[in-house]
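The values are calculated or read from the model by the stated rules, or taken from the named source; none is laboratory data. The structure presented is a predicted model; accordingly, all values stated were derived computationally and were not measured. Methodologically, a virtual Cβ is constructed for each residue, glycine included, from the backbone with ideal geometry; neighbour enumeration extends over all protein chains shown.
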Ligand SMILES: [Zn+2]
């Protein structure tokens, strides 16, 4: 490991890790938060060195040791984490960090301690079953989209439907469940290896409701391309992400809240990131707890993030809110977008 290279790269790209302080002298202290208030002067680099100093909590040390203090880990592990975040680490670093980064959003690792048996937070390298390619199925289904208007009932225009390559299958049956009954399904492609099939029939029985949303292939994030936009919303369901697109915003759907780890893995694998992440998960227990976890992780990684407020009104998610009242939903999203941007820009004033 080349510590000097990591120091140089960290110093050069410091604002990818920590937001600038309010006075524009340095960056916000990850240990004490110095730099967020009007008079806070943040952490500054000591001239001609890679050493930093915080005037509030008094931390003084080289930039890698700040990371070590922040994450409560060894110097060497902190260097690895930095190398991975800055995308200058090797495969071994990445694997090592994946394995060691821990506990409900806190990088609480001490690889040099005997007590390093904390639960994992990032996806271990799971051996997945061989993938089946559904590309042709998806293309065929797309040709039949005109046979349904289900998406219109969910507030999604034809334009949105085409953008996400939605399709329709009149007599769909789960490919892996023998003797499954047939039903008419809207097909929502996740990628070439998986899709969501949504029952479009009206007045479903309780039993049919249970199978009304079925996933085929591996569960994955939906609309990951939206991470290239400057401001991105993180939502739960595919219909929620499409609902944001419908009113002119970008959103990535987790697909399932347990996929939040995949989202973090994707962040580790990228070198361009949205400037602002707005967490807008479902208005329920699972949504709220995943929001807290993601906030903690993004805070630790130094990504500017913001929890959406009053965005879905009394509804559980974006699609329900859109169906209820498009204008109201659109206004609430716009308001959150503007507030997040305002707060973010304050860092630069
Ligand atoms: Zn401090």
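Taking the stretch 1-47 as the range and being more than 16 Å from the ligand (Cβ to nearest atom), in a loop (DSSP other than H, G, I, E, B) and within 21 Å of residue 79 (Cβ to Cβ) as the test, the residues that pass are 1, 2, 13. When we screen 97, 81 for residues that are away from the ligand (no atom under 16 Å from the Cβ), out of contact with any strand residue (DSSP E or B) (no Cβ under 7 Å at 6 or more places or on another chain) and at pLDDT below 80, the only hit is 97. Restricting the stretch 48-78 to residues that are within 11 Å of the ligand (Cβ to nearest atom) and in a strand (DSSP E or B), the residue that is surrounded by the most Cβ atoms within 10 Å (Cβ to Cβ) is 54. Reported count of residues in the stretch 20-43, each being in contact with a strand residue (DSSP E or B) (Cβ under 9 Å, 6 or more places away or on another chain) and surrounded by fewer than 18 Cβ atoms within 10 Å (Cβ to Cβ), is 4. Somewhere in the stretch 169-179, is a residue assigned to a helix (DSSP H, G or I) and touching a residue at least 12 places away in the same chain (Cβ under 8 Å)? Looking through the stretch 169-179, none of the residues is assigned to a helix (DSSP H, G or I) and touching a residue at least 12 places away in the same chain (Cβ under 8 Å).
Checking 266, 257, 277 one by one, the residue that is within 30 Å of residue 96 (Cβ to Cβ) and touching a strand residue (DSSP E or B) at 6+ places or on another chain (Cβ under 7 Å) is 277 and no other.
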